[in-house]
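Student: The structure follows.
The values are calculated or read from the model by the stated rules, or taken from the named source; none is laboratory data. What you see is a predicted model; the values in this text were computed from it and never measured. Cβ atoms come from the backbone with ideal geometry, glycine included; neighbour counts cover every protein chain shown. Note: accessible area is taken over every heavy atom of the protein model, side chains too, but ligands, DNA and RNA are not part of it. Shrake-Rupley method; radii C 1.70, N 1.55, O 1.52, S 1.80 Å.
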Amino acid sequence: MKINSTVLLTLILLILMMGAGSVSAFLGFDLGSSALKGVSTPDGRPTTKFASNKANNSQQGGLVLLKEEEILKIVKARIEGKTKAAKSEKPEEDDEETNSSKQKPEEKPPEVVEEKPLPGFPVTAQSQGVTMTVQSARYSGGDLLLKVKMQNKGKDSVRFLYSFLDVTDDKGRTLSASTEGLPTELPVNGPAFSGTVSIPTALLDDVKKISLALTDYPAQQLKLEASNIPVER
């Protein structure tokens, strides 16, 4: 019986392929075995790891684990040492503070230079029984201080609004001024009231005399005018 040449060729190819596969598998297994020589399976047990690590650390002089009692003793000793050191340093700091406070000189408030009252007073203005008297004038600090006394001996009480106080110099210029202590209302036959009118000295460089003019509010029926008040230094 004749064998077909195609079938024979197919069988030969199958045999060759199986042989090549077997040879490749054998060579791969041999190469893998030689590559894994000296490699061992890791030990997954924690007790074994801990024992081995402890042995290695003791041999190499590494970390030494302390007991809990020893750790507490060390911490307590350090805390006590810091407390004693702080107590010993505190008196020294207190002494330094007391010494520095003793060495600091006492600060005195700045003295205000005041000049004697100027001559030519008092200057009086009167209207309808109401009197305004400029008793004195003196320079203090950066202001000219006019001491003013007011009294009402008329028939009716009088009210004032000191924003209407008109202050002019001997050249007719209006000066800014502020008042302190002057009454807003003068009762009939009441006591005399005293206050102060302040004028900045920067406005009085070339001024020799000033005038004050004040009217009642809101009626504006009387007018107090104190003229020729000497302010020259």
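Student: How about segment 184-233: which of its residues are closer than 15 Å to Leu165 by Cβ and among the basic types (Lys, Arg)?
Tutor: Lys223
Student: Can Asn228 be described as open to solvent by 30 Å² or more (accessible area, probe 1.4 Å) and more than 43 Å from the chain's Cα centre (by Cα)?
Tutor: yes
Student: When segment 161-186 is examined, which residues are found to be assigned to a strand (DSSP E or B) and closer than 19 Å to Ser227 by Cα?
Tutor: Answer for segment 161-186, where residues must be assigned to a strand (DSSP E or B) and closer than 19 Å to Ser227 by Cα: Asp166, Val167, Thr168, Asp169, Thr174, Leu175, Ser178, Thr179.
Student: Which count do you get for residues in segment 187-229 that are of a type in the set (A, V, I, L, M), closer than 15 Å to Gly142 by Cα and not in a loop (DSSP other than H, G, I, E, B)?
Tutor: Selection size over segment 187-229: 4.
Each row is one residue, and each column tells you yes or no for (1) under 48 Å from the mean Cα position of the chain (by Cα); (2) closer than 20 Å to Gly181 by Cα; (3) at pLDDT 75 or above; (4) open to solvent by 70 Å² or more (accessible area, probe 1.4 Å).
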| site | (1), (2), (3), (4) |
| --- | --- |
| Lys73 | yes, no, yes, yes |
| Ala77 | yes, no, yes, no |
| Lys82 | yes, no, no, yes |
| Glu89 | yes, no, no, yes |
| Pro105 | yes, no, no, yes |
| Pro117 | yes, yes, no, yes |
| Ala125 | no, yes, yes, no |
| Leu146 | yes, yes, yes, no |
| Asn152 | no, yes, yes, no |
